[in-house]
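Data first, discussion second: the structure below is written as structure tokens.
Computed from the coordinates by the stated procedures, all read-outs in this text should not be read as laboratory data. Everything numeric here is computed off the predicted structure, so don't read it as measured data. Neighbour counts are summed over all protein chains in view; Cβ atoms, including those assigned to glycine, are modelled from backbone coordinates with ideal geometry.
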Amino acid sequence: MRPRLIIVTGATAAGKSAFIYEHLQNLPLTVINADSRQVYRDITIASASPTSGDLQKFPHALYNFLPVTETFSAGEFMRQAKTEIAKAHAAGRIPLICGGTYFYLHALLYGLLPSVEIPDKVRERVEALSGPEAYAELMQCDAVAARQNHPHNVSRVQRALMLCHAHRGPISALQKTGGIAEDFEILMLVFDSERTVLRERIRHRVDAMLAAGLVGEIQGLMTQGDLTAWRQVPALTGIGIREFIETYESMGKYPAELSGDELAHVSDLICQNSIHLVKRQQTWYRNARPQPANTKTVDPSYENGLIAALVKDFVSFTENDQK
């Protein structure tokens, strides 16, 4: 029998982490992060990282270990996640990967394209294109690759277009390598709820972040270094951080200097941007192919007991195999 692997993914505020910590506490799991922002330290509140209490319930890996100035690629995630999966199995535990960065998960499961060097001229020309222009050109160069990327995800579309021009042909014809989908028995749970429910959860989450000290966390980030090139620092462009930096650019006020009404406006912006992200994420998950055979879309709004039973059956089947 192949070793087992659990993936819990889905849109922002869908209840992934809450489900794990509330309903799976007694299972022999190691929780591995697949959220592109929760890899960074110093933004634990803004990234909704596990609390100190959560961290005591299971062994955890790939959480809050990088400084915000560093970049963490899908390739690096793939390499480190493989190592942590092997460690979990060696310790007699089931690895559970939790996070909504689907590009990370897809890279881990199905691999990445071989490295292609992108000439500076190609990069400069493509970066000068608008999002719609880049997507239209990608459709002409490689319709398959274009359909695998949402038109609004401009950075991904531009990256694919650069690769097509550098490769001088469709990148969809290239063979991806390094994926683990065939090496494991996988249960993938995609958490999804109605957007009205997610909108309420997002508002509750943002209020909880503010109560937990979000303003102080972002104040510390913004006063530690030069913000002129913050848009080139992935950790700083995430929702919950960029709204404060953009407010500083327009008003000249640090987070701690905002009035109550001004802070409420920033809070509203965070909620609005979060629900826009949710819409894109839901589209990605509904259209993403391929997926593991044992992939189930679930709604934690009313199915937590059934979801927990599904996970427990998957884990107990593994334990029975080992006896």
Rounded to the nearest whole number, the Stokes-Einstein translational diffusion coefficient of region 82-132 at 10 °C and 1.306 mPa s (Kirkwood radius, C-alpha pairs) in µm²/s is 109
Under a Gaussian network model of the chain whose springs join Cα atoms within less than 10 Å, the largest fluctuation of G213, G178, G240 belongs to G213
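Would you calculate, for the chain, the mean residue ellipticity at 222 nm contributed by helices, counting each DSSP H stretch of 4 or more residues as -39,500 (n - 2.57) and dividing by all residues, to the nearest 500?
Working: 13 runs with 160 residues, N = 323.
So the calculated ellipticity at 222 nm is -15500 deg cm²/dmol.
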In terms of the charge dipole of the chain, which places +1 on Lys and Arg and -1 on Asp and Glu at the beta carbon, the residue among G213, F103, L236 farthest towards the positive end is F103
With bins of 5 Å, the percent of all Cα-Cα pairs of region 196-277 per bin from 0 is 3, 15, 27, 26, 18, 9, 2, 0
Neighbour-count ranking for K121, K296, K87 (other C-beta within 10 angstrom, fewest to most) reads K121, K296, K87
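Give me the Kirkwood hydrodynamic radius of region 109-231, using the inverse of the mean 1/r over all pairs of distinct Cα atoms, in Å to one decimal. All intermediate terms of the calculation are to be shown ahead of the outcome.
Numbers: mean 1/r = 0.0545 Å⁻¹.
Computed over Cα pairs of region 109-231, the Kirkwood hydrodynamic radius comes out at 18.3 Å.
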Largest fluctuation, T295, T223, T237 only, Gaussian network model of the chain with Cα springs under 10 angstrom, belongs to T223
Rounded to the nearest Å, the spacing of the alpha-carbon centers of region 231-304 and region 50-72 is 19
Here, region 113-175 modelled as identical Cα point scatterers in vacuum has Debye log10 I(q)/I(0) at q = 0.12, 0.14, 0.24, 0.25 Å⁻¹ of -0.23, -0.31, -0.96, -1.04
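Between A90 and Y254, what's the calculated FRET efficiency when r is the beta-carbon distance and R0 is 45 Å? Round to 0.05.
Computed FRET efficiency for A90 and Y254: 0.45.
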Ordered by fewest other Cβ atoms within 10 Å, a rough proxy for footprinting exposure, H60, H152, H204 read H204, H152, H60
log10 I(q)/I(0) for the chain, Debye formula on C-alpha points only (no solvent), q = 0.11 Å⁻¹, two decimals, reads -0.77
Most fluctuating of A61, A11, A173 in the GNM of the chain (C-alpha, under 10 Å) is A173
Computed for the chain: size of charge dipole around the Cα centre, +1 on C-beta of each Lys and Arg, -1 on C-beta of each Asp and Glu, debye to nearest 20, value 860
Treating every alpha carbon of region 237-322 as one equal point scatterer without solvent, the Debye formula yields log10 I(q)/I(0) values at q = 0.22, 0.23, 0.27 Å⁻¹ of -1.05, -1.10, -1.25
